[in-house]
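Structure first, commentary second.
The values are calculated or read from the model by the stated rules, or taken from the named source; none is laboratory data. A quick note: this is a predicted structure, and the numbers were derived from the prediction, not measured. Backbone-built Cβ (ideal geometry, glycine too); neighbour counts: all protein chains shown. The protein model used for the area step is the full one, side chains on, heavy atoms only, and it has no ligands, DNA or RNA in it. Shrake-Rupley method; radii C 1.70, N 1.55, O 1.52, S 1.80 Å.
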Amino acid sequence: MNAVYAPAEDDVVARELHGEFIIIPISSGVGDLEDEIFSLNETGKAVWDKLDGKKKLEEVISELTVEFEGSAEEIRNDVTGLVEELLKRKIIVEN
Amino acid sequence: MGKKSSYVVTKNLNQASLWRNTKPLLGRLDIELTERCNNNCIHCCINLAEHDKTARDKELSTKELKNILVEAADLGCMMVRFTGGEPLLRDDFEELYIFTRKLGMKVILFTNGRLITLRLVELFAKMPPGEKIEITVYGMTKGSYDSAVRRQGAYEEAWQGINLLLANNIPFVVKGALLPSNKTELKEFEDFASTVTWMDRGPSYSMFFDLRGRRDSEKRNAQIKALRLSPEEGLSILTRDKKEYMKDKKQFCAKFTRPAGNNLFSCGAGKGSACVDAYGKLQLCMGLRHPDTVFDLRKQSIKTIMTERFADIRKMQAKNPRYMERCAKCFLKGLCEQCPGKSWTEHGTLDTPVQYFCDITHAQAEYLGLLGKGEKAWTVENWQERIRKFVEEV
Ligand code: SF4
Ligand code: SF4
């Protein structure tokens, strides 16, 4: 939980399109398929905004626990679940 | 927050649902980076000399192009096509390419391939364009290629470029231009095309060549006209794979055949897409350069032009009696290349029927059984019945 994560800046672009937050891979090897893009919902976007290459994951979780309703455990599971998926897809990197 | 099995939703970039039922004002932008070209193809409708200083001085700067790209992305654009002339002639091509990709937009590159270098290929490998590169091949032998493009050494360079893409596994497709010098090499070209793994169908050809888009040379227009295939020759090329041709046309006719009336714009030009010329004029489409229909991006934004100016242009009505008599009543309008852009290049107006395209369309319609021999499409009253029969025929 002391790890620090950041968007893989050279490999993905995050854009908002008509209210939808999407992440577009631009480097080879990121994402699985041609034309694949990723969409984050409002809470996913809130997590994404905090993965700034400075905050430890533990801090991200405690900030979100203040900002969002839900038990601390639930939020912790959501954040780690999302981070795992983003890491697997090489959308974020560990700093 | 709540329980989920997956936190990231994957979507296809071309998925319409991305837009939740709204289409972006601008989904695709074509940019002619330059009208200059290192080839001088005999059939070309646009090229200026590679080192034409007057043209180069007027071209959009890197900064101006970047501003246009940023606005395009803001308007929802997901795809940019770089074309020309030869877009790779611009010294800032790499910079513009990376900039476009980093805005999250895909790139389609139209090129003759001569300036594809190892460095560029390495960039495409690291940061793929997201769309297949499109290369026009002007000949399979040195003699045919160089005589079509009228440049010594072009053949070797173009094939070196193609081989670099192949060797580095960069997706591309090839297209042809049917010219007297390469007509006999069709089979060789198609055999090569069939080995290009990214081609999901046979190559497309330009053969009904456009006249000069700037209406800048009667001499060159005469040369282009002399190279055009006759409607009959064109038909024999189009129908080489008869089954495929019939299938395509049935699908097309089921949707797009009907008289369009006096509205000049029955196509989608300027709706969701637009084209920037090398000097910053925004056009509804690549072919339409009539001065009354283009607007300066150095003075106005894409948004203003598309929402205000283009909307007005798209309401324009034909005034030419010959157009109103023929094209306005013609059920084959969708099948025909007649449009304000063609009218502009051929006649300098927006609404003059172009006989060459009329003849091509009539030849096709006779072949498809939609017209009898010598019958004129605009005189047909029972066109709905004819289309229905044609589409339903097994
Ligand atoms: S390569 Fe393309 S742009 Fe260049 S002269 Fe030939 S047709 Fe024109
Ligand atoms: S086929 Fe002839 S009449 Fe019909 S739209 Fe084309 S040019 Fe006009």
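Could you check how much of the accessible area of chain B is carbon and sulfur, as a whole percent, using a 1.4 Å probe? Mind dumping the intermediate values first?
Details: 9530 of 18240 Å².
Carbon plus sulfur share of accessible area: 52 percent.
Per-residue Karplus couplings for region A:3-19, computed as 6.51 cos²θ - 1.76 cosθ + 1.60 with θ equal to phi - 60°, are listed in order as 5, 10, 10, 8, x, 6, 4, 7, 10, 9, 10, 9, 9, 9, 10, 6, x Hz, Gly and Pro entered as x. With the alpha-carbon atoms of the protein assembly as shown aligned to their principal axes, the span from lowest to highest coordinate is 80, 54, 50 Å, starting with the largest. Extending 7 Å from Cα along the Cβ direction at B:LYS389 and again at B:ASN262 yields two label points whose distance is 3.3 nm. Extension gain for B:LEU186-B:THR379 works out to 65.7 nm (0.36 nm per residue, less the C-alpha to C-alpha distance). Taking amide H positions as modeled 1.01 Å from N, with prolines and chain starts lacking one, the residues under 5 Å from B:LYS11 and 5 or more places away or on another chain are A:ILE37, A:PHE38, A:SER39.
Using the Cβ-Cβ distance between B:PHE208 and B:GLU64 with R0 set to 41 Å, the FRET efficiency works out to roughly 0.75.
Annotation for B:PHE99 and A:ASP52: the two label points, set 7 Å from Cα along the Cα-Cβ direction, are 2.8 nm apart.
Legend note: in chain B, cysteines whose Cβ sits 4.7 Å or more from every other cysteine Cβ are B:CYS37, B:CYS45, B:CYS77, B:CYS253, B:CYS267, B:CYS275, B:CYS285, B:CYS327, B:CYS330, B:CYS336, B:CYS339, B:CYS358. With a/c under 1.5 counting as rounded, go ahead and sort chain B into rounded, prolate or oblate using the C-alpha gyration tensor (a ≥ b ≥ c being the square roots of the eigenvalues; past the cut-off, prolate if a/b is larger than b/c, else oblate). Since a/c stays below 1.5, the shape of chain B is classed as rounded. For the residues B:THR304, B:THR195, B:THR100, a GNM of chain B with alpha-carbon springs under 10 Å puts the largest fluctuation on B:THR195.
Heavy-atom accessible surface of B:PHE208, to the nearest 10 Å², is about 30 Å², with a 1.4 Å probe and all protein chains retained.
For A:ILE92, nonlocal amide neighbours, meaning residues 5 or more places apart or on other chains whose placed amide H falls under 5 Å from its own, are A:ALA8, A:LEU87.
Listed values for region B:308-321 are Karplus-derived 3J(HN,Hα) couplings in whole Hz (6.51 cos²θ - 1.76 cosθ + 1.60, θ = phi - 60°), namely 9, 5, 4, 4, 5, 4, 5, 8, 4, 10, 5, 10, 5, x, and x replaces Gly and Pro. Residue ranges B:354-367, B:213-226 sort as B:354-367, B:213-226 when ordered by packing (mean number of other C-beta atoms within 10 Å per residue, highest first).
FRET efficiency for A:GLU74 and A:HIS18, Cβ-Cβ distance as r, R0 = 22 Å, nearest 0.05?
Details: r = 29 Å, r/R0 = 1.34.
Calculated transfer efficiency: 0.15.
Only one residue of B:GLY139, B:CYS45, B:CYS336 has its Cα farthest out toward the positive end of the dipole of chain B, where Lys and Arg carry +1 and Asp and Glu -1 on Cβ, and that residue is B:CYS336.
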